[in-house]
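**Student:** This is the structure I want to talk about, given as structure tokens.
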Amino acid sequence: MKLTIIGFWAGYPKANEASTGYVLEHDGFRLLIDCGSAVLSKLQNFYQPEELDAVILSHYHADHIADIGALQHARLIQGFLGKQMNTLPIYAHDAHSYEFSKLTYKTITKGITYDPKAALKVGPFTVRFLLTKHPVTCYAMRFEVDGKALVYTADTSYIEEFVSFSEGAELLLSECNFYGNQDGSGAGHMNSFDAGKLATRANVKQLVLTHLPHYGELQQLVEEAKQHFSGQISLAHTGQVFEI
Ligand SMILES: [Zn+2]
């Protein structure tokens, strides 16, 4: 699996950057994980909108879905310009039916509900879900191919269920919305200590901190996570690629 970071900012994108979006690729299949504000712009540095094979969404906060409409129009217009492409499946939960209904647009995209209690097959990926602790319904995802796993926490405060869910993953893409001296649990987010502790308890190989705050010195998040995890730790940045 190849993971490309498209955007990583929490809440809203910093100038010329994007909020949450990642592309996971394997065997030529390209899955966009979340599609926050400015993701469509940054995506085009690495993949064209018509090159995506599927999208999967964790929840309906704007920093995870704001560019779905832009993606739909990009594929519509590229179709007018002669590009051949299939209807793009967008996998999401339907706990918010109005938001879910907007995922289907003409024959351009089609919203498909996932059953969070079952494993989902998307292209070459087997995806499993974990209900997170967040102000709105949100699911973490574990992606597996050939016995290797990537776990994406999506948005959540720390919950014990993450330990078994993330067990042995090659890469833990963990939200880290707060510094170690801040308690993010009321807001439904983790801090750098939570991310480091989870990485150790789940025995993952490497930790990537994402969904980053707009203040402070971000490198401090890494130093704090290091106090609890001795494996490799990175701060997400645009265009960063991980081979898993
Ligand atoms: Zn959220």
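The values are calculated or read from the model by the stated rules, or taken from the named source; none is laboratory data. No experiment lies behind these values; they were computed from the predicted model shown. Here the Cβ positions follow ideal geometry from the backbone for every residue, glycine too, while neighbour counts run over all protein chains shown. For accessibility, only protein heavy atoms count, side chains too; no ligands or nucleic acids. Shrake-Rupley method; radii C 1.70, N 1.55, O 1.52, S 1.80 Å.
**Student:** For ILE112, all conditions in the list (1) in a strand (DSSP E or B); (2) of a type in the set (A, V, I, L, M); (3) open to solvent by less than 30 Å² (accessible area, probe 1.4 Å) hold save one; what is the number of the exception?
**Tutor:** Evaluating ILE112 over (1) in a strand (DSSP E or B); (2) of a type in the set (A, V, I, L, M); (3) open to solvent by less than 30 Å² (accessible area, probe 1.4 Å) leaves (3) as the failure.
**Student:** Taking into account only those residues within region 160-192 that are assigned to a loop (DSSP other than H, G, I, E, B) and within 15 Å of the ligand (Cβ to nearest atom), which is farthest from LEU218 (Cα to Cα)? Reasoning before the result, please.
**Tutor:** Going residue by residue through region 160-192, those that are assigned to a loop (DSSP other than H, G, I, E, B) are 160, 167-170, 176-177, 179-184, 188-190.
Subsequent filtering for residues that are within 15 Å of the ligand (Cβ to nearest atom) retains 176-177, 184, 188-190.
Numbers: CYS176: 10, ASN177: 10, GLY184: 16, GLY188: 20, HIS189: 16, MET190: 15 Å.
So, considering only residues that are assigned to a loop (DSSP other than H, G, I, E, B) and within 15 Å of the ligand (Cβ to nearest atom), the one farthest from LEU218 (Cα to Cα) is GLY188.
Per-residue answers, yes or no, for (1) at pLDDT 95 or above; (2) open to solvent by less than 50 Å² (accessible area, probe 1.4 Å); (3) hydrophobic (A, V, I, L, M, F, W, C):
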{"residue": "ALA74", "(1), (2), (3)": "yes, yes, yes"}
{"residue": "GLY79", "(1), (2), (3)": "yes, yes, no"}
{"residue": "SER97", "(1), (2), (3)": "yes, no, no"}
{"residue": "PHE100", "(1), (2), (3)": "yes, yes, yes"}
{"residue": "PRO116", "(1), (2), (3)": "yes, yes, no"}
{"residue": "LYS121", "(1), (2), (3)": "yes, no, no"}
{"residue": "LYS148", "(1), (2), (3)": "yes, no, no"}
{"residue": "GLU161", "(1), (2), (3)": "yes, no, no"}
{"residue": "GLU175", "(1), (2), (3)": "yes, yes, no"}
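**Student:** Now a separate question. What's the number of the only condition in (1) of a type outside the set (Gly, Ala, Ser); (2) under 19 Å from GLU161 (Cα atoms); (3) open to solvent by 20 Å² or more (accessible area, probe 1.4 Å); (4) assigned to a loop (DSSP other than H, G, I, E, B) that HIS214 fails to meet?
**Tutor:** (2)
**Student:** Find all pairs meeting these conditions: Cβ atoms under 6 angstrom apart; at least six residues apart or on different chains; first residue within region 168-197 and touching a residue at least 12 places away in the same chain (Cβ under 8 Å); second residue charged (D, E, K, R) and open to solvent by less than 10 Å² (accessible area, probe 1.4 Å).
**Tutor:** Taking only residues 6 or more apart or on different chains, the pairs are GLU175/ASP155; MET190/GLU175.
**Student:** So, one more: Which one is nearest to the ligand (Cβ to nearest atom) among residues in region 124-135 that are open to solvent by less than 40 Å² (accessible area, probe 1.4 Å) and part of a loop (DSSP other than H, G, I, E, B)? Before the answer, list the steps.
**Tutor:** Residues of region 124-135 that are open to solvent by less than 40 Å² (accessible area, probe 1.4 Å), as a first pass: 124-127, 129-130, 132, 134.
Applying the additional criterion that residues be part of a loop (DSSP other than H, G, I, E, B) yields 124, 132, 134.
Working: PRO124: 28, THR132: 9, HIS134: 6 Å.
Restricting to residues being open to solvent by less than 40 Å² (accessible area, probe 1.4 Å) and part of a loop (DSSP other than H, G, I, E, B), the top hit is HIS134.
**Student:** Would you say TYR139 is in contact with a Pro (Cβ under 8 Å, 6 or more places away or on another chain), within 16 Å of ILE33 (Cβ to Cβ) and within 16 Å of the ligand (Cβ to nearest atom)? Don't jump to the end; show me each part of the working.
**Tutor:** On the way: in contact with a Pro (Cβ under 8 Å, 6 or more places away or on another chain): yes; within 16 Å of ILE33 (Cβ to Cβ): yes; within 16 Å of the ligand (Cβ to nearest atom): yes.
Spelling it out, TYR139 is indeed in contact with a Pro (Cβ under 8 Å, 6 or more places away or on another chain), within 16 Å of ILE33 (Cβ to Cβ) and within 16 Å of the ligand (Cβ to nearest atom).
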